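This report refers to the structure that appears directly beneath it.
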Amino acid sequence: MTLSLPNFAIARPRDIESAVTARQQESSSLFLAGGTDLIVNLRLGLGSPKLLIDLSAIDSLREKSFAATGVRIGAGTSLMELTEMAAIRRRYRALAEAADAVASPTTRSVATIGGNLCLQTRCIYYNQSEWWRRANKYCLKHGGDVCHVAPQGQRCHAAFSGDIAPALMVLDAEVEVAGRNGQRRRVKLADFYREDGRAHLTLAAEEILTCVHLPPDPPRSSYRKVRVRGAIDFPLAGVAVALAMDGESLVQLRVGITGTNSRPFLLKGVEVLYGRALDDNALHELETLVQKQVQPMRTTTISAHYRRLAAAALVRRLTTALASASDTTDEKRQE
């Protein structure tokens, strides 16, 4: 196993524009936020940047604001901070639960919301030591020309395993991205990803994620995941659900899923359940939608079929729990 880091220089820009400029000037450079995933990968020989651009000195990336129009969270905000914000736990519960589910308290104290959203995709053929990967002729994601998960295909099937993305998706979040010449753009988080294990982010090479925007008055929400170990581990399947009921009838439902595909995604087709009670028939239809749209592959030590069933079961469980929550509980959460 490669334990030593490659040689690189470190830049510590004081503002976003300087960080973007530094990235433009050195094509091999990488942005460094909390580093909880990046540094581990570099020790495994997954990348050899000449420059790391440390974002910790950019104060604007840690700014947060709460207003009647919604919430703005800087990309440099630590996951521990998210779990400790009363307003987040009360109004955006899925986000707080997702942040609390990431790794360990030590990791959450330095890992950032932006870093988790930009997390590298993972695979048992990629996240290995350099000598192991060399002995197996590398893979399509790094150094090779074949995806060992699907050798006959033309794309990488490494899975996205960040916990924060599905929670933000069901809360209808947008992200702000900064690029060259001071350009800024906002994009729905659901459109921030693509189904490609090698290039799962829709970011240009020099662009940087700067903040997350959350709308006001979200529906009740929650997040859960299945993992090999009861703590610390990445999700084999992670699910966020946000819904609103009118009496016994469903009027709004958003389901976000992570850990199964090369991108986190919102479940399609849930509108067919609107206006209906969430009885066994409706819940079975919902499970069927999940099983048709998740695409787990042999990217972990756990079978794809198990992860598909786990995702469907989590969706059913969370949807049932949120639908049965009392109106009183919901009103208190929104105060």
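The values are calculated or read from the model by the stated rules, or taken from the named source; none is laboratory data. Please read these numbers as outputs of a predicted model, since none were measured by experiment. Cβ placement follows ideal geometry from the backbone for every residue including glycine, while neighbour counts extend to all protein chains displayed. The area values use the complete protein model at the heavy-atom level, side chains included, leaving out ligands, DNA and RNA. Shrake-Rupley method; radii C 1.70, N 1.55, O 1.52, S 1.80 Å.
How many angstrom lie between the C-alpha centres of the range 1-39 and the range 106-161?
Using only Cα atoms to place each centre, the spacing works out to 19 Å.
Please turn the phi angles of the range 145-151 into ³J(HN,Hα) values with the Karplus equation 6.51 cos²θ - 1.76 cosθ + 1.60 (θ = phi - 60°), one per residue in order, whole Hz, x for glycine and proline.
Result, rounded to whole Hz: 10, 9, 7, 5, 6, 9, x.
Counting each DSSP H run of 4 or more residues in the chain as -39500 (n - 2.57), what helix-only mean residue ellipticity at 222 nm follows after dividing by all residues, to the nearest 500 deg cm²/dmol?
On the way: 12 runs with 101 residues, N = 335.
When only DSSP H runs of four or more count, the value is -8500 deg cm²/dmol.
Once you place label points 7 Å from the Cα toward the Cβ at THR301 and ALA313, how far apart are they in nm?
1.9 nm
Measure nothing fancy, just the Cα-based angle from helix 304-324's long axis to the longest principal axis of the chain, in degrees from 0 to 90, nearest 10.
Its long axis makes an angle of about 40 degrees.
Placing +1 on the Cβ of each Lys and Arg and -1 on the Cβ of each Asp and Glu in the range 67-156, which of HIS148, LEU79, THR106 has its Cα farthest towards the positive end of the resulting dipole?
Of the candidates, HIS148 comes out farthest on the positive side.
For the Cα atoms of the chain, what angle does the longest principal axis make with the long axis of helix 16-25, in degrees from 0 to 90, nearest 10?
50 degrees
With all protein chains present, how much of the accessible area of the chain (probe radius 1.4 Å) comes from carbon and sulfur, to the nearest whole percent?
Values: 7530 of 15170 Å².
Carbon plus sulfur share of accessible area: 50 percent.
What are the ³J(HN,Hα) values, in whole Hz, obtained from phi via the Karplus relation 6.51 cos²θ - 1.76 cosθ + 1.60 with θ = phi - 60°, for each residue of the range 74-87 in sequence order, with x given for Gly and Pro?
x, 5, x, 5, 6, 5, 5, 4, 4, 5, 9, 7, 4, 5
Below 13 Å, Cα to Cα, which aspartates and glutamates can LYS64 reach? Residues fewer than 8 away in the same chain don't count.
Partners within reach: GLU81.
When the Debye formula is applied to the Cα atoms of the range 199-242, each taken as the same point scatterer, what base-10 log of I(q)/I(0) results at q = 0.20, 0.29, 0.32, 0.33 Å⁻¹?
-0.93, -0.95, -1.05, -1.09
From the phi angles alone, apply the Karplus equation (6.51, -1.76, 1.60; θ = phi - 60°) to the range 173-186 and give each ³J(HN,Hα) in whole Hz, x where the residue is Gly or Pro.
With the stated coefficients, the range 173-186 comes to 6, 10, 10, 10, 10, 10, x, 5, 6, x, 5, 10, 9, 10 Hz.
Using modelled backbone amide H atoms (1.01 Å from N, in-plane), which distant-in-sequence or interchain residues come within less than 5 Å of ASN261's amide H?
PHE160, GLN295
Only Cα pairs under 8 Å and at least 6 apart count here; give the relative contact order of the range 156-224 as a rounded whole percent.
Values: 89 pairs, mean separation 27.2, N = 69.
39 percent.
If I build a Gaussian network model for the chain, linking alpha-carbon pairs within less than 10 angstrom, which residue out of GLY179, GLY34, GLY269 has the largest mean-square fluctuation?
Maximum fluctuation in the GNM of the chain, among the listed residues, is at GLY269.
Could you check which residue among ILE16, ILE257, ILE113 shows the biggest mean-square fluctuation in a GNM of the chain with a 10 Å Cα cutoff?
ILE16
Taking only the alpha-carbon positions of the chain and ignoring solvent, what does the Debye formula give for the base-10 log of I(q)/I(0) at q = 0.12 Å⁻¹?
-0.85
Compute the accessible area per residue over the chain, keeping the other protein chains in place, probe 1.4 Å, unit Å². Please list the in-between numbers first.
Values: 15170 Å² over 335 residues.
Normalised by residue count, the accessible surface of the chain is 45 Å².
Check ARG276: other-chain or 5+ apart residues with amide H under 5 Å from its amide H, H built from backbone geometry?
Residues meeting the amide H criterion: LEU250.
Can you give the relative contact order of the chain as a percent, counting alpha carbon pairs under 8 Å and 6+ residues apart? Kindly include the intermediate steps, with their values, before the conclusion.
On the way: 735 pairs, mean separation 53.9, N = 335.
Computed over the chain, the figure is 16 percent.
Just to confirm the number: angle between the C-alpha axis of helix 280-293 and the first principal axis of the chain, 0 to 90 degrees, nearest 10?
With rounding to tens, the tilt is 20 degrees.
Determine the relative contact order of the range 12-63: mean sequence separation of Cα pairs under 8 Å and six or more apart, normalised by residue count, in whole percent. Mind showing how you got there, number by number?
Values: 57 pairs, mean separation 27.6, N = 52.
Normalised by residue count, the contact order of the range 12-63 is 53 percent.
When we measure straight from the Cα of LYS268, which lysines land under 17 angstrom away, once same-chain ones fewer than 8 places off are left out?
LYS188, LYS292
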